[in-house]
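Step one of this worksheet: look at the structure below.
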Amino acid sequence: MKRTLLTFFSVCLLAAASGQSVTFKDVAPIIRSKCATCHKPGQTGPFSLITYEDVAKRASFIKDVIGRGYMPPWRADNQYVHFANDRSLTEKEKSLILQWIDNKAPRGDGPDTVELKQASIAGTSYFRPPDLVLKAADTFHLTGDNMERYIIFKIPFELKDSANVEAIELYCSNKKLIHHANYAIHPVPDPAIDIYHTDALLNLTEDDRHKFDQYQPYRKTITYYGGWIPGTSYESYPKNIGWVMPKRGVILLTVHFAPTAVDESVQMGVNLFFKKTPVERRVKVVSFGSGGIGERQIDPPFYVKANTTQKFTLEVTNPNEDQSVLYVWPHMHLIGKEYLAYAVTTGGDTIRLVHIPRWDFRWQEIYRFKKLVRIPRGSVIHLECTYDNTADNPFNPNRPPKGIFSYGDMKTTDEMMTLMMIFMPYKEGDENINLE
């Protein structure tokens, strides 16, 4: 690190001595890759950073937040695992931006948006427009009564043919309203099963839960399960890896809307990106912890006592096959403090998965490994999660603190202890497959 910094500062000194200066053209690629994915219309950022004017007028603010390490948001411990989709700034990138700002943020003579055009595609964080957007039938209207809402949107589809999926992401006209969302892709090849004349949505906050039974004929099998939480983007896969979108079926999109004080309207759906190359290896998704495998094995039972800081653990054995993991998705709620996940092989070797030393509910991610990570059969997957249910926790939803459970509704004020993994059966040489 010291050698890298010395080299960088030497380059800067040489550039200054030769009369060169850092311009927007130099910092634009950093803004594109580390900032503009969230700071653009329709995403969670409160303002856009996709043109020179966008960035330059907030130069002082940008200097402050990157100087304090508050932005770009990245909470994973890079010393434990360095992920491919790391949004944090390197020291070189930070120094370049600060040098540009201190030099009064010159535009330079290059085009001021060329490097950011890909980041400004409306409605997506991916590098190109989606091949297919499947949306809920109607715009959903949220009442500004500061109440959480849980809505299931049914999105039926019939395509000309099945399609090989390169990437998928949540589509939403206003992601600021969402606490989290999950989408399940269910194939329904039987034409005798009606995919249209059931309810287009269910309001789980207000409707009778038995209404969900009308969707049971769609849920016999599942092709893919994914989702979105604040701070995430999309899920994508290498050229011969992915999954196949069925020709006919239903997407059940479950959305947890955060409380809002004003009336809002939102359009929900999913973006799909297809590829012409065949999917030779299909990915799977598994969930551990609350709401998934091993929920009843969390130790101690998952109840966070008031005025305590408690650690909970879970151990689940991988019994069937060697696995190659692409992504891990850790999740807790407001009183989460620290998250650690790893696997231990039958030979006693530790496989690092993810460590978040200072959990922050506002900034989460589906973490993509740089290369496929092998978890051999018989390995034990460990979760170690700590929760701060004291008055010292500024994010504690209860004043004074009170005991917190994990309920099926998974409200923000309840808790979760979950790890989702996107994986596929292992093949020799998988460790060398690059996911960057």
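The values are calculated or read from the model by the stated rules, or taken from the named source; none is laboratory data. As the structure is a computational prediction, the values presented were derived from the model and not from experiment. Positions of Cβ are backbone-derived with ideal geometry, glycine not excepted, and every protein chain shown enters the neighbour counts. Surface accessibility is based on the protein's heavy atoms, side chains included, excluding ligands, DNA and RNA. Shrake-Rupley method; radii C 1.70, N 1.55, O 1.52, S 1.80 Å.
The table that follows gives values for the structure above.
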| item | result |
| --- | --- |
| Length added when fully stretched, residue 143-residue 78, from 0.36 nm per residue minus Cα-Cα | 19.3 nm |
| Extent along principal axes [Cα atoms of the stretch 184-243; Å; largest to smallest] | 40, 33, 16 |
| Mean Cβ count within 10 Å, highest first, over the residues of peptides 97-105, 377-385 | 377-385, 97-105 |
| Where trypsin sites (Lys or Arg not before Pro) fall in DSSP loop in the stretch 275-332, at most 14 other Cβ within 10 Å | 276, 305 |
| Karplus (6.51, -1.76, 1.60) ³J(HN,Hα), θ = phi - 60°, over the stretch 237-253, in Hz, Gly and Pro reported as x | 9, x, 4, 9, 10, x, 8, 10, 6, x, 5, 9, x, 9, 9, 9, 9 |
| Size-normalised alpha-carbon gyration radius of the stretch 120-171, reference 2.2 N^0.38 Å | 1.49 |
| Packing-based ranking, highest mean first, of 249-258, 183-192 given that Cβ atoms within 10 Å are counted | 249-258, 183-192 |
| Contour minus Cα-Cα distance for residue 261 and residue 190 (0.36 nm per residue) | 21.2 nm |
| Zone residues, the stretch 71-91, relative to residue 384, backbone N less than 17 Å from point 7 Å out along Cα-to-Cβ | 77-81 |
| Translational diffusion coefficient (Stokes-Einstein; Kirkwood radius from C-alpha pairs) of the stretch 125-264 at 20 °C, 1.002 mPa s, in µm²/s | 132 µm²/s |
| Distant alpha-carbon pairs in the stretch 326-434 (separation over 25 angstrom), percent | 31 percent |
| Fraction of antiparallel bridges per DSSP, the chain only, in percent to nearest 5 | 95 percent |
| Against the rule of thumb 2.2 N^0.38 Å, how large the Cα Rg of the stretch 253-334 comes out | 1.61 |
| Residue 131-residue 221 FRET efficiency (beta carbon distance; Förster radius 41 Å; 0.05 resolution) | 0.95 |
| Residue list for the stretch 69-100, given a label point 7 angstrom along the Cα-to-Cβ vector of residue 433 and an amide N cut-off under 18 Å | 84-85 |
| Protein accessible area in the chain, 1.4 Å probe - carbon and sulfur % | 52 percent |
| Residue of 197, 355, 141 that the Gaussian network model of the chain assigns the largest fluctuation, springs spanning Cα pairs under 10 Å | 197 |
| Column: log10 I(q)/I(0), Debye, Cα scatterers of the stretch 217-261, q = 0.21, 0.22, 0.25, 0.29 Å⁻¹ | -0.97, -1.02, -1.14, -1.24 |
| Residue-span extension gain [residue 160 to residue 65] - 0.36 nm each, minus C-alpha spacing | 29.3 nm |
| Label selected from (i) 21.1, 66; (ii) 23.0, 76; (iii) 22.2, 72, the criterion being Rg and Dmax of the Cα atoms in Å as computed here | (ii) |
| Two-decimal Rg/Rh across the stretch 381-435, once Rg and the Kirkwood Rh are taken from alpha-carbon atoms | 1.21 |
| Label point at residue 346 placed 7 Å out along Cα→Cβ; residues across the stretch 306-333 whose backbone nitrogen lies under 20 Å | 315-325 |
